[in-house]
Amino acid sequence: MQKLLAGFAAVAATFVAQAATYDVEAGNVDRVIELAATAPGDSIINLAAGVYDFSRSTTNNPSYGAILVTPSGRTLHFRGAGTKHWSEKTRAEETVLIGHGKYALFYGVNGGSRCSKFYNLTFECCTNTAGVAAAGAIAMTANECYASTPPGFATNCVFRNCYSSKSSGGATSYLSAYDCLYTNCVSTSGGGGAYGGNKTISGGSNPSTNCFVKCTFVDCQAQSGGGLYCDAYNCVRDCTFVGCRATGTGCHGGGLYVAKAADELVGCTFVSNSSAKANGGGLMLASSLHRLADCTFVGNTANGDGGGLRSAGSGLDIVENCAFTNNTSTGGMGGAISCEVLGAVSNCVFRGGRAKTAAGVGIESTCGDFVGCTFDDNRNNTLENLGSHLNNGLSTRDCRFTGFGDLWCRTIDRCVFDGCEYYPNNGSYYDGLVRFGLEITTPENIGTIRNCLFRNCFAPVLIDNETYYDALIENCTFVDNTLTNAVHHNGYTFYCMRGTHPDDGKTHPGTNRISNCIFWNNWVANGTDGTKKRNDVNFFRTTNLGAGKEAANIVKNCIYGVKSGEEPQGPVNFKVGDPRFVAGDSRFPDAPYYMPKRTSDARKAGLWLDWMADAKDLAGADMPSAAPVDLGCYQCALPSLGLLLLLR
């Protein structure tokens with residue numbers, strides 16, 4: 001009989017321990033606390049719409065400094081009323097949990113309790129000032145669950161006016177979140193809205209990570225990571241950071257701070273975030289990031305470097321399909337991006353950047369290629385006018401430059417400079433719209449500009465070679481530009497220096513080698529009265545460095561309409577000619593405006609150069625595989641097949 005009773009007891013215990021579903025009436029705080037402590041693992045706790053004011057509760061767990069404490073080994077599911085998206089709910093439809101005002105609201109202890117889930121809830125005024133070192137609303141422990149056990153998460157939840165003075169994460173810590181709103185949350189450490197990290201449990205081999213997907217962080221504040229602080233690699237995708245602030249001295253990342261190496265950051269939006277006393281107004285990368293894609297940065301500000309983004313680690317490998325608009329570095333470099341090491345950048349827009357230097361993109365060490373990018377109206381705010389579009393770049397290809405700004409880069413291929421304006425601040429020596437600078441340190445690192453169009457630009461100098469080495473300008477078209485007086489260089493198409501290089505103390509042959517170019521309808525403006533004079537090409541070379549040390553401009557196979565001033569050195573086939581551009585002719589409906597016709601003097605007038613074997617012109621047509629070659633950035637247009645037959 002005793003054995004039978006023992007068997008019944010065992011069955012009853014098993015039944016009691018099974019997961020169950022509990023419904024809690026609106027406002028019943030005591031029942032929620034009871035179920036958090038006693039409900040079996042995997043139980044569902046449904047909370048009716050209404051306000052649950054835990055500030056009135058006298059219950060708390062002194063060991064953990066929290067109200068809702070789930071003992072070891074149990075995962076619970078807390079569900080608010082309804083499934084409407086948080087952005088569509090009225091106040092009456094919300095399930096609102098008001099914090100204690102002193103202790104964290106929920107604290108996961110050991111084991112499975114760290115995997116508790118939260119759905120459709122609003123956490124409001126959850127403040128932790130006296131409890132355990134934890135976030136204000138939901139805090140998991142630092143030792144995360146194994147990868148085989150999904151970590152705790154919140155989905156379709158709102159965290160409003162949460163605060164923690166005890167730890168990182170104003171609202172949540174070590175908790176994944178999907179489609180949640182964090183608003184007006186504050187931490188006195190890192191992560192005003194949330195703190196994410198991962199850590200292998202002792203003896204475990206597969207650490208899990210916190211993921212943040214489709215979350216929105218608005219007006220959150222912390223020392224670093226005003227919206228979100230990622231202490232280790234976290235999955236961050238499709239998140240939005242608006243008006244978040246990093247306020248600590250030497251602390252970074254107004255919207256998001258990523259502390260350690262990460263794989264990718266995709267689909268995120270950063271708007272009006274700020275780093276008041278350091279770097280990374282929108283995003284701070286303290287280590288490496290492999291890929292940044294499909295992200296938008298608008299109106300972010302940093303007092304230091306990187307108004308939009310600052311990468312201070314070992315490298316940002318890939319940036320693609322991103323837009324940077326009106327970002328500002330008030331006291332440093334890189335209105336849009338500031339990087340130590342930057343890899344390949346493609347299909348990105350850099351517009352309206354402002355900075356002390358490099359208002360668009362500033363690179364401290366090395367970088368890869370910029371391909372298919374747009375640079376528009378990036379302005380430095382001091383006398384240091386160096387590369388306001390791009391500073392210390394390696395290569396740009398198929399890029400478009402418009403508005404105010406200059407470019408400091410080594411190789412430029414198939415780019416368009418359309419309506420660019422560049423006028424240096426008073427006292428600046430850096431007057432070129434395109435400048436080759438001391439990033440070219442050996443004769444092998446020749447600066448090149450090929451198949452580029454310069455039209456309707458306004459600058460003291462178009463091409464400024466201050467490298468003391470060769471620069472090659474080949475198959476480019478210069479048309480409808482205005483050269484204006486500057487403080488030091490007055491109205492030159494090409495400026496060239498030759499003299500003693502500061503690194504080795506030797507004299508180097510600084511030479512512009514200009515081939516296969518078209519110069520047409522360019523002007524020089526008088527700086528006194530604003531009057532303009534037609535001068536299609538104008539050269540400057542230093543002549544005050546002693547015999548044999550003059551700079552050189554060597555021109556081969558180029559045409560111009562009108563010119564005056566200094567001649568190039570030893571010109572070959574440099575002559576007056578009419579390019580006869582298509583200029584909207586209806587016989588060439590698909591041809592670019594500045595493409596020469598068959599009757600042009602640019603037709604078959606150029607030299608064939610080795611690089612043309614596998615190159616394309618600005619329109620994407622194959623360059624000739626052998627001589628002859630047409631001048632300019634476009635190979636000559638042919639009429640349609642029907643017109644050719646008619647002409648025959």
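Which of the residues that make up region 550-579 are crowded, with 17+ Cβ neighbours inside 10 Å and among the hydroxyl-bearing types (S, T, Y)?
Across region 550-579, the qualifying residue is only Y560.
Which is in contact with a helix residue (DSSP H, G or I) (Cβ under 7 Å, 6 or more places away or on another chain), under 18 Å from A137 (Cα atoms), of a type outside the set (S, T, N, Q) and not in a loop (DSSP other than H, G, I, E, B), of Y22, Y52?
Y52 is the lone residue from the list that is in contact with a helix residue (DSSP H, G or I) (Cβ under 7 Å, 6 or more places away or on another chain), under 18 Å from A137 (Cα atoms), of a type outside the set (S, T, N, Q) and not in a loop (DSSP other than H, G, I, E, B).
Would you check if A583 is modelled with pLDDT of 80 or more, aliphatic (A, V, I, L, M) and farther than 27 Å from A459 by Cβ?
No: the conditions fail for A583.
What number of residues within region 156-166 are under 29 Å from the mean Cα position of the chain (by Cα) and open to solvent by less than 50 Å² (accessible area, probe 1.4 Å)?
Here the count works out to 4.
Return the only residue of N210, N198 being open to solvent by less than 40 Å² (accessible area, probe 1.4 Å), in contact with a strand residue (DSSP E or B) (Cβ under 7 Å, 6 or more places away or on another chain), modelled with pLDDT under 80 and within 19 Å of A286 (Cβ to Cβ).
N210
Taking region 75-95, which residues are part of a loop (DSSP other than H, G, I, E, B) and without any contact (Cβ under 8 Å) to a residue 40 or more places away in the chain?
If the condition is that a residue be part of a loop (DSSP other than H, G, I, E, B) and without any contact (Cβ under 8 Å) to a residue 40 or more places away in the chain, then A81, G82, K84, E88, K89, T90 are the ones that fit.
Sort out for me the strands (runs of 3 or more DSSP E) sitting completely within region 223-278 that have 2 or more residues that are touching a residue at least 24 places away in the same chain (Cβ under 8 Å), in contact with a strand residue (DSSP E or B) (Cβ under 9 Å, 6 or more places away or on another chain) and surrounded by 21 or more Cβ atoms within 10 Å (Cβ to Cβ).
By residue number, 228-230, 256-258, 262-266.
Regarding region 229-248, can at least one residue be identified that is closer than 24 Å to C157 by Cα and more than 19 Å from the chain's Cα centre (by Cα)?
The answer is yes; a qualifying residue exists.
Scan region 589-602 and tell me whether some residue there is buried (at least 17 other Cβ atoms within 10 Å of the Cβ), of a type in the set (D, E, K, R), farther than 22 Å from T482 by Cα and at pLDDT below 95.
Within region 589-602, one or more residues are buried (at least 17 other Cβ atoms within 10 Å of the Cβ), of a type in the set (D, E, K, R), farther than 22 Å from T482 by Cα and at pLDDT below 95.
Mind counting the residues in region 329-365 that are part of a strand (DSSP E or B) and crowded, with 24+ Cβ neighbours inside 10 Å?
12
Do you know which residues across region 218-275 are at positive phi and charged (D, E, K, R)?
D219, D238
Filter region 522-539 for residues that are at pLDDT 75 or above and open to solvent by 50 Å² or more (accessible area, probe 1.4 Å); which is nearest to Y422 (Cα to Cα)?
Among them, the one singled out is W523.
If only one of C367, C322 is touching a residue at least 24 places away in the same chain (Cβ under 8 Å) and over 10 Å from the mean Cα position of the chain (by Cα), which one is it?
Step by step, each of C367, C322 is checked, and only C367 is touching a residue at least 24 places away in the same chain (Cβ under 8 Å) and over 10 Å from the mean Cα position of the chain (by Cα).
Which residue is farthest from V361 (Cα to Cα), if the candidates are limited to region 387-415 and must be at pLDDT below 85 and open to solvent by 20 Å² or more (accessible area, probe 1.4 Å)?
Filtering region 387-415 for residues that are at pLDDT below 85 and open to solvent by 20 Å² or more (accessible area, probe 1.4 Å), the one farthest from V361 (Cα to Cα) comes out as R410.
The values are calculated or read from the model by the stated rules, or taken from the named source; none is laboratory data. Predicted model only: the values in this text are computed from it and were never measured. Don't worry about glycine lacking a Cβ; one is built from the backbone with ideal geometry, like all the others, and counts go over all protein chains shown. For the accessible areas, the whole protein counts, side chains as well, though only heavy atoms, and no ligand, DNA or RNA atoms are used. Shrake-Rupley method; radii C 1.70, N 1.55, O 1.52, S 1.80 Å.
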